[in-house]
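Accompanying notes for the structure given below.
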Amino acid sequence: MTRTPEEPATKRPPGRPARISRDAIVEAVAATANLDTMTVREVAARLQVTHGALYRWVRTRDELVDLVSETLVDRVVRRVDGAAGDPPAAPELLLRLGWAMHDEFLALPGYATHLSRPHRHHGPSVERIRDTVVTALVRDGVDEAMAEQSWQIFVTCTVGWLAAVENAQHPGARTPHFAVFLDVLVRGLPARDPDAGRPAGTEPPTPDAGRP
């Protein structure tokens, strides 16, 4: 029932109340302040529409979360692609993407935490950001396999950081600013060839190591 990212956000099929839109639904979800326990009925109440009216957009809680993901990813991709001129080099694109994810994901309480846990992913949303990253890296001359590894590292680290910020789980009082974290992460990408192996002296202990 949710619309695909390619459909304009302003398009509204006949009969749907004007007060319902993807952005309005996301704002209503944010107002619930708990992505884990929200219900379609609760979001409809916050939109001040009937449950049946919202049912024309989303029928289940999973569809509601999918719509939220589509909308947030739309916002992220628009911010990354919005600048005029030639596509940016991969490091600049990753910086833009990291800040867009920071702003959009943290604006919806619980969303980064939701992404960081095992869950049913919304494939189209994940693939849109993945394709943006992998395409930029390959365009810069990175092998496609390493571009894929780099994407996995980037998204895992960034979402993990944002989830930790949401849950105040950073150790110590001098937590690095997101700009510092993102700078270090991007400078370490693209991923290196795993065939290089471990540095000397870091081999795992043998089963009998340390035994008399």
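Every residue, every condition in (1) closer than 30 Å to residue 135 by Cβ; (2) in contact with an Asp or Glu (Cβ under 9 Å, 6 or more places away or on another chain), yes or no:
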| position | (1), (2) |
| --- | --- |
| 30 | no, no |
| 40 | no, yes |
| 44 | no, no |
| 75 | yes, yes |
| 78 | yes, no |
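Among the listed residues 123, 85, which satisfies the condition of being under 22 Å from residue 147 (Cβ atoms) and surrounded by fewer than 15 Cβ atoms within 10 Å (Cβ to Cβ)? If you could, list the steps in order and put the result at the bottom.
Working: 85 fails: under 22 Å from residue 147 (Cβ atoms).
Just one listed residue meets the conditions, 123.
Please state which of the following conditions residue 7 fails to meet, knowing it meets all the rest: (1) surrounded by fewer than 16 Cβ atoms within 10 Å (Cβ to Cβ); (2) at pLDDT 90 or above.
Result: residue 7 fails condition (2) only.
Go through the residues of the range 93-114 one by one and say whether even a single one is over 11 Å from the mean Cα position of the chain (by Cα), at pLDDT 90 or above and farther than 23 Å from residue 165 by Cβ.
no
Yes or no: the range 115-126 includes at least one residue that is part of a loop (DSSP other than H, G, I, E, B), closer than 25 Å to residue 81 by Cβ, in contact with a helix residue (DSSP H, G or I) (Cβ under 8 Å, 6 or more places away or on another chain) and at pLDDT 90 or above. Please lay out each step first, then the result.
In the first step, residues of the range 115-126 are kept if they are part of a loop (DSSP other than H, G, I, E, B); the result is 117-122.
Right, trim to closer than 25 Å to residue 81 by Cβ and you get 121-122.
After this cut, where a residue has to be in contact with a helix residue (DSSP H, G or I) (Cβ under 8 Å, 6 or more places away or on another chain) as well, the list is 122.
Those still in the list that are at pLDDT 90 or above too: none.
Checking the range 115-126: not a single residue is part of a loop (DSSP other than H, G, I, E, B), closer than 25 Å to residue 81 by Cβ, in contact with a helix residue (DSSP H, G or I) (Cβ under 8 Å, 6 or more places away or on another chain) and at pLDDT 90 or above.
Sort out which residues of the range 138-154 are closer than 22 Å to residue 178 by Cα and open to solvent by less than 30 Å² (accessible area, probe 1.4 Å), and write them in order of number.
Of everything in the range 138-154, those that are closer than 22 Å to residue 178 by Cα and open to solvent by less than 30 Å² (accessible area, probe 1.4 Å) turn out to be 150, 151, 154.
The values are calculated or read from the model by the stated rules, or taken from the named source; none is laboratory data. Keep in mind it's a predicted model, so treat the numbers as computed, not measured. All Cβ positions, glycine included, derive from the backbone under ideal geometry; neighbour counts span all protein chains shown. To get the accessible areas, we keep the full protein, side chains included, count just its heavy atoms, and leave off ligands, DNA and RNA. Shrake-Rupley method; radii C 1.70, N 1.55, O 1.52, S 1.80 Å.
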